[in-house]
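Q: Mind looking over this structure? Questions follow.
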Protein chains: 2
Amino acid sequence: MRMLTRSDANFAAELDELLNVSAEDTSAVEHTVADIIADVRRRGDAAVLEYTSRFDRLDFRDAARLRITPEQLAHHAAQTAPAVREALEAAAARIRSYHERQAAPSWQYSEPDGTVLGQQITPLDSVGIYVPGGKASYPSSVLMNAIPAKVAGVKRIVMTVPTPDGVINDVVITAALVAGVDEIYTVGGAQAVAALAYGTDTIRPVDKITGPGNIFVATAKKQVFGKVGIDMIAGPSEICVVADAATNPDWLAMDLFSQAEHDEDAQSILISDSQALLDAVTASIERLLPEMERADIIRKSLAARGGMILCTDIDEAIEVVNMIAPEHLELCVDQPERLLTSIRHAGAIFMGRYTPEALGDYCAGPNHVLPTSGTARFSSPLGVYDFQKRSSIINFSAEGAATQGRVASVLARAEGLTAHARSAEYRVEGDAGGQTGQRQ
Amino acid sequence: MRMLTRSDANFAAELDELLNVSAEDTSAVEHTVADIIADVRRRGDAAVLEYTSRFDRLDFRDAARLRITPEQLAHHAAQTAPAVREALEAAAARIRSYHERQAAPSWQYSEPDGTVLGQQITPLDSVGIYVPGGKASYPSSVLMNAIPAKVAGVKRIVMTVPTPDGVINDVVITAALVAGVDEIYTVGGAQAVAALAYGTDTIRPVDKITGPGNIFVATAKKQVFGKVGIDMIAGPSEICVVADAATNPDWLAMDLFSQAEHDEDAQSILISDSQALLDAVTASIERLLPEMERADIIRKSLAARGGMILCTDIDEAIEVVNMIAPEHLELCVDQPERLLTSIRHAGAIFMGRYTPEALGDYCAGPNHVLPTSGTARFSSPLGVYDFQKRSSIINFSAEGAATQGRVASVLARAEGLTAHARSAEYRVEGDAGGQTGQRQ
């Protein structure tokens with residue numbers, strides 16, 4: 001792990017280097033994905049079947065078979081261990097309960113002249129959730145994407161998941177059933193995103209696509225954006241842990257591991273005001289790492305992207321946090337509450353020594369889909385608000401229109417938009433001129 | 001204007017054709033913009049000065065001169081007619097008052113075991129507002145972009161506006177002052193977007209860029225997305241008017257004109273259950289069009305993209321509205337309130353005969369930056385929420401961590417993420433095992 005010291009003259013440059021993710025050249029992927037999307041738009045189910053055969057070695061002649069039947073769903077759900085099902089249900093209940101507090105209500109207010117203004121909030125009609133196949137197929141992500149949509153009131157939640165060689169992940173299916181997903185298709189990659197965005201005979205189109213995926217899926221989501229909504233394009237996952245000298249170093253080592261085990265690009269950063277604590281955590285890492293199941297990935301991740309930052313005090317540590325704008329922030333300190341208002345940028349804030357990120361990944365309640373790579377400076381966790389949209393409501397009384405029509409007329413004429421001005425002026429003259437909105 | 005009838009067998013296809021905006025090939029623009037952004041990242045101010053000289057014929061040797069000084073601002077503001085300044089202030093007050101109702105508060109709640117969950121809502125640190133130069137330089141757009149940012153609590157609001165040949169729009173400057181913009185630079189195009197996203201010695205970077213612009217600006221915004229946040233990429237503006245037989249056809253014609261006068265790609269659609277009303281509006285259009293200042297643009301826009309749709313009743317008209325998901329929706333009918341809950345998709349809903357879109361464009365209060373091209377199916381008007389972001393708050397008590405750590409452990413092991421599991425298990429064992437979060 002790289003060691004940085006806040007008081008070093010070139011700290012800012014070193015931090016930039018630590019945080020920097022080298023951008024790959026994605027132009028080849030972009031062309032491949034554009035071709036797949038164009039093909040699915042043109043040939044629909046036939047193209048989807050062909051790509052599914054090519055990439056997932058899954059040969060169906062009839063596109064209807066891409067949809068998992070209720071009988072299949074029941075079969076796979078029954079294969080899930082009762083303890084796992086119970087844990088999914090417990091997690092789902094907490095996620096639901098937290099997200100219900102995010103549902104925003106419509107509102108209106110009246111002005112003295114009778115004019116009404118407001119905002120009507122409605123759910124999206126339909127949402128597509130992409131779930132990766134293979135090793136990165138996480139049941140917890142199914143809950144985190146589907147439950148906010150369900151709470152928002154989305155009527156139709158569609159899930160696509162690639163099933164290479166026809167192997168279906170029982171726990172993913174169980175999570176989908178627990179979360180209330182309405183339709184599940186065994187399609188993946190750019191062809192799944194294209195089908196969700198543009199629709200085929202078998203898969204009706206949706207209004208927004210969320211969920212993680214590989215570079216082909218991420219690129220496809222970018223390309224269909226505008227036709228449908230999408231969630232953020234996630235970078236590598238990262239954690240930033242602020243810890244004081246009193247924290248158990250084994251716990252901290254394991255929290256850093258829990259991020260690093262995701263993949264070699266994942267980033268784990270520990271910030272402290274105690275060199276002794278940083279040394280102790282280094283020792284814990286050395287002692288605990290060999291016994292970890294995913295030791296290889298953790299070792300590579302920590303070597304390539306891990307970092308420890310020494311600060312003079314915890315307030316300085318929080319300044320560094322705001323420079324990083326981390327996806328996950330742990331505050332392993334006494335009285336973490338007193339730091340809260342100083343934190344300007346973070347996806348999720350895990351407060352105190354009993355709140356490891358792992359709890360937030362599964363069952364704390366808040367979403368685990370969070371802004372990565374410093375985008376917490378301007379974006380938010382996935383939430384109910386991502387599955388609702390707003391419509392402005394404007395209802396002028398004749399009196400209000402007469403008053404505001406004058407204002408609009410002045411500004412429209414200043415902008416040279418005279419039809420705008422006259423449209424407003426008709427309403428100003430409405431009563432006085434003897435003419436009204438009613439047809440004569 | 002094209003005439004469609006809802007009951008026609010091929011109505012859906014005809015509507016698609018009416019709504020369809022042919023996508024241009026933008027690959028040449030994309031390359032040009034990518035080069036400009038790379039150049040500004042590499043050479044900073046020198047590149048910005050060079051492009052400003054080339055595109056706007058504005059030659060400064062010193063980049064500091066790109067920033068409009070307080071003296072210049074005062075000078076330009078003084079050139080604005082008092083009536084226009086008063087109208088800007090009146091509009092700003094209404095916009096501010098409406099948007100203050102959108103500001104979301106942070107929230108927290110406690111669970112019986114002492115665990116605290118919540119969401120902390122904070123403003124973005126800094127925002128860049130792009131304002132187009134020349135004819136499309138609208139003071140009203142300055143208000144609509146800057147005021148929500150100000151209400152959100154954004155500390156630094158930066159505006160860039162190209163000033164070809166050094167000509168500065170007095171009213172735009174006045175609007176910026178009224179709205180509370182903090183810094184104004186006379187830079188436009190992709191170079192302005194690049195400077196806002198990556199920063200130069202003169203222009204410090206911002207966290208999000210909003211505001212309309214031409215194809216170069218829109219493409220640049222897409223390309224810097226991820227480094228900074230952006231607002232929607234707007235398509236041509238459009239209006240959909242639902243009117244019953246009792247509405248004054250002259251008013252309707254002028255409302256359609258007010259959209260069509262924006263540009264030739266703008267779209268005006270009138271939906272009614274009365275053929276007589278449609279005929280009367282056609283007659284009004286013919287009579288009123290010759291006297292309009294922007295008659296040429298209006299004529300071309302109505303011919304290319306205008307449409308009238310005949311329905312059997314108003315409920316059917318609302319179904320068509322939901323198929324269109326219009327940016328602006330006027331409900332020129334009696335008791336528009338009774339239709340409100342049936343409208344699933346619209347950027348802004350203008351209710352009743354005294355609420356023309358023009359009022360919403362300037363001074364009704366709600367934002368005039370709205371989702372276009374059917375994107376109201378999944379997106380919302382620009383608002384205070386676009387300038388705030390959320391951080392999840394999670395603070396487990398030891399008791400809560402012990403309970404939920406068990407759930408997390410089961411799910412983490414089901415996903416094969418054992419460092420996650422052990423990180424959670426440390427907190428389960430915390431008390432029972434005699435080990436605590438405190439360093440031994």
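Q: Can you name the number of the only condition in (1) in contact with a Cys (Cβ under 8 Å, 6 or more places away or on another chain); (2) facing chain B (nearest Cβ under 7 Å); (3) part of a strand (DSSP E or B) that A:E330 fails?
A: (2)
Q: Between B:G416, B:G405, B:G365, B:G400, which is in contact with a helix residue (DSSP H, G or I) (Cβ under 9 Å, 6 or more places away or on another chain), outside the structural domain of B:A103 (by TED's automatic domain parsing), at pLDDT 95 or above and at positive phi? Break it down into steps so the answer makes sense when it comes.
A: Numbers: B:G416 fails: at pLDDT 95 or above; B:G405 fails: at positive phi; B:G400 fails: at positive phi.
Step by step, each of B:G416, B:G405, B:G365, B:G400 is checked, and only B:G365 is in contact with a helix residue (DSSP H, G or I) (Cβ under 9 Å, 6 or more places away or on another chain), outside the structural domain of B:A103 (by TED's automatic domain parsing), at pLDDT 95 or above and at positive phi.
Q: If you don't mind, there's one more thing I want to ask. When segment B:1-31 is examined, which residues are found to be touching a Phe, Trp or Tyr at 6+ places or on another chain (Cβ under 8 Å) and among the aliphatic types (A, V, I, L, M)?
A: To start, the set of residues in segment B:1-31 that are touching a Phe, Trp or Tyr at 6+ places or on another chain (Cβ under 8 Å) comprises B:4-5, B:29.
Passing the criteria: B:L4, B:V29.
Q: Could you give every pair whose Cβ atoms fall below 8 Å, whose first residue belongs to segment A:1-26 and is within 22 Å of A:L256 (Cα to Cα) and of a type in the set (S, T, Y), and whose second residue is surrounded by 11 or more Cβ atoms within 10 Å (Cβ to Cβ) and modelled with pLDDT of 95 or more, counting only separations of at least 6 or pairs across chains?
A: Between residues of segment A:1-26 that are within 22 Å of A:L256 (Cα to Cα) and of a type in the set (S, T, Y) and residues that are surrounded by 11 or more Cβ atoms within 10 Å (Cβ to Cβ) and modelled with pLDDT of 95 or more, the close pairs are A:T5/A:F11; A:T5/A:I309; A:T5/A:L310.
Q: What's the total number of residues in segment A:189-220 that are within 21 Å of B:I233 (Cβ to Cβ) and at pLDDT 95 or above? I'd like the intermediate steps shown before the answer.
A: Of all residues in segment A:189-220, those within 21 Å of B:I233 (Cβ to Cβ) come to A:193-194, A:196-198, A:205-210, A:218-220.
Subsequent filtering for residues that are at pLDDT 95 or above retains A:193-194, A:196-198, A:205-210, A:220.
So the count comes out to 12.
Q: Sticking with this structure for a sec: If you check A:A260 against the conditions, is it out of contact with any His (no Cβ under 6 Å at 6 or more places or on another chain), crowded, with 17+ Cβ neighbours inside 10 Å, over 28 Å from A:A136 (Cβ atoms) and within 11 Å of another protein chain (Cβ to nearest Cβ)?
A: Working: out of contact with any His (no Cβ under 6 Å at 6 or more places or on another chain): yes; crowded, with 17+ Cβ neighbours inside 10 Å: yes; over 28 Å from A:A136 (Cβ atoms): no; within 11 Å of another protein chain (Cβ to nearest Cβ): yes.
No, not satisfied.
Q: If you don't mind, another one. Show me the helices (runs of 4 or more DSSP H) found entirely inside segment A:67-158 where at least 2 residues are within 12 Å of chain B (Cβ to nearest Cβ). Full working, then the answer.
A: On the way: elements: A:70-78, A:82-100, A:139-152.
Because the criterion is at least 2 residues that are within 12 Å of chain B (Cβ to nearest Cβ), the helices (runs of 4 or more DSSP H) in segment A:67-158 that meet it are A:82-100, A:139-152.
Q: Inspect all residues belonging to segment B:108-116 and state whether any of them is buried (at least 17 other Cβ atoms within 10 Å of the Cβ) and out of contact with any strand residue (DSSP E or B) (no Cβ under 8 Å at 6 or more places or on another chain).
A: So far as segment B:108-116 goes, no, none of its residues is buried (at least 17 other Cβ atoms within 10 Å of the Cβ) and out of contact with any strand residue (DSSP E or B) (no Cβ under 8 Å at 6 or more places or on another chain).
Q: Follow-up question, since we're still on this one. Looking only at segment B:378-402, how many residues end up being buried (at least 24 other Cβ atoms within 10 Å of the Cβ), at the interface with chain A (Cβ under 7 Å from one of its Cβ atoms) and in a helix (DSSP H, G or I)?
A: Of the residues in that region, 1 qualify.
Q: Would you point out the residue of segment A:366-377, among those that are outside any loop (DSSP other than H, G, I, E, B) and in contact with an Asp or Glu (Cβ under 7 Å, 6 or more places away or on another chain), that is nearest to A:Q259 (Cα to Cα)? Break it down into steps so the answer makes sense when it comes.
A: Initially, segment A:366-377 is screened for residues outside any loop (DSSP other than H, G, I, E, B), giving A:375-377.
This time we only want the ones that are in contact with an Asp or Glu (Cβ under 7 Å, 6 or more places away or on another chain), so: A:376-377.
Values: A:A376: 18, A:R377: 21 Å.
Applying the filter and picking the extreme gives A:A376.
Q: Tell me, which residue of segment B:344-372 that is surrounded by 22 or more Cβ atoms within 10 Å (Cβ to Cβ) and under 24 Å from A:G153 (Cα atoms) is farthest from the other protein chains (Cβ to nearest Cβ)?
A: Once the filter is applied, the top-ranked residue is B:T372.
Q: Here's a follow-up. Out of segment B:192-216, which residues are away from chain A (no Cβ under 14 Å), buried (at least 24 other Cβ atoms within 10 Å of the Cβ) and touching a Pro at 6+ places or on another chain (Cβ under 9 Å)?
A: Across segment B:192-216, the qualifying residues are B:A192, B:A195, B:G211, B:G213.
Q: I need the full set of residues from segment B:1-38 which are under 28 Å from the mean Cα position of the chain (by Cα) and of a type outside the set (A, V, I, L, M), in order please.
A: Of everything in segment B:1-38, those that are under 28 Å from the mean Cα position of the chain (by Cα) and of a type outside the set (A, V, I, L, M) turn out to be B:D16, B:E17, B:N20, B:S22, B:E24, B:D25, B:T26, B:S27, B:E30, B:H31, B:T32, B:D35.
Q: Also, I was wondering about something else. Considering B:G229, B:G235, which residue is more than 23 Å from B:I343 (Cβ to Cβ) and in contact (Cβ under 8 Å) with a residue 40 or more places away in the chain? Give the derivation first.
A: Details: B:G235 fails: more than 23 Å from B:I343 (Cβ to Cβ).
Being more than 23 Å from B:I343 (Cβ to Cβ) and in contact (Cβ under 8 Å) with a residue 40 or more places away in the chain holds for just one of B:G229, B:G235, which is B:G229.
Q: Suppose we keep only residues that are under 41 Å from the mean Cα position of the chain (by Cα) and either of a type outside the set (D, E, K, R) or part of a helix (DSSP H, G or I) (or both) within segment A:405-416. Which one would you say is farthest from the other protein chains (Cβ to nearest Cβ)?
A: At the first step, the residues of segment A:405-416 found to be under 41 Å from the mean Cα position of the chain (by Cα) are A:408, A:411-412, A:415.
Now drop any that are not either of a type outside the set (D, E, K, R) or part of a helix (DSSP H, G or I) (or both), which leaves A:408, A:411-412.
Numbers: A:A408: 4, A:L411: 5, A:A412: 6 Å.
That would be A:A412.
Q: For the list (1) part of a loop (DSSP other than H, G, I, E, B); (2) within 20 Å of the chain's Cα centre (by Cα), I need the number of the one condition that B:E264 fails.
A: Status for B:E264: all satisfied but (2).
Q: Cβ-Cβ below 6 Å, separation at least six or inter-chain, first residue in segment A:54-81 and assigned by TED's automatic domain parsing to the domain that holds A:I36, second exposed (fewer than 12 other Cβ atoms within 10 Å of the Cβ): which pairs?
A: Between residues of segment A:54-81 that are assigned by TED's automatic domain parsing to the domain that holds A:I36 and residues that are exposed (fewer than 12 other Cβ atoms within 10 Å of the Cβ), the close pairs are A:R57/A:D165; A:L58/A:G166.
Q: Within segment B:340-360, can one find any residue that is touching a Gly at 6+ places or on another chain (Cβ under 7 Å) and assigned to a helix (DSSP H, G or I)? Let's see the steps before the verdict.
A: Narrowing segment B:340-360 to residues touching a Gly at 6+ places or on another chain (Cβ under 7 Å): B:348, B:350, B:353-354, B:359.
Checking which are assigned to a helix (DSSP H, G or I) leaves us with B:359.
Within segment B:340-360, one or more residues are touching a Gly at 6+ places or on another chain (Cβ under 7 Å) and assigned to a helix (DSSP H, G or I).
Q: Anything in segment A:303-318 that is touching a residue at least 60 places away in the same chain (Cβ under 8 Å), closer than 20 Å to A:G374 by Cβ and in a helix (DSSP H, G or I)? List them, or say none. Give the derivation first.
A: Initial filter on segment A:303-318 (touching a residue at least 60 places away in the same chain (Cβ under 8 Å)): A:303, A:305-312, A:314, A:316-318.
Subsequent filtering for residues that are closer than 20 Å to A:G374 by Cβ retains A:305-309, A:311, A:316-318.
A:R305, A:E316, A:A317, A:I318, listed by residue number.
Q: Can you report the number of residues in segment A:304-325 which are more than 10 Å from chain B (Cβ to nearest Cβ) and either of a type in the set (F, W, Y) or touching a Gly at 6+ places or on another chain (Cβ under 8 Å) (or both)? Reasoning before the result, please.
A: Our first condition is that a residue be more than 10 Å from chain B (Cβ to nearest Cβ); within segment A:304-325, this holds for A:304-321, A:323-324.
Checking the rest, the ones that are also either of a type in the set (F, W, Y) or touching a Gly at 6+ places or on another chain (Cβ under 8 Å) (or both) come to A:324.
The qualifying residues number 1.
Q: Still on this structure: Scan segment B:203-238 for residues that are over 12 Å from the mean Cα position of the chain (by Cα), more than 19 Å from A:S373 (Cα to Cα) and part of a strand (DSSP E or B) and jot them down.
A: Matches in segment B:203-238: B:E238 only.
The values are calculated or read from the model by the stated rules, or taken from the named source; none is laboratory data. What you see is a predicted model; the values in this text were computed from it and never measured. Reconstructed Cβ throughout: ideal geometry from the backbone, glycine too, with neighbour counts over all protein chains shown.
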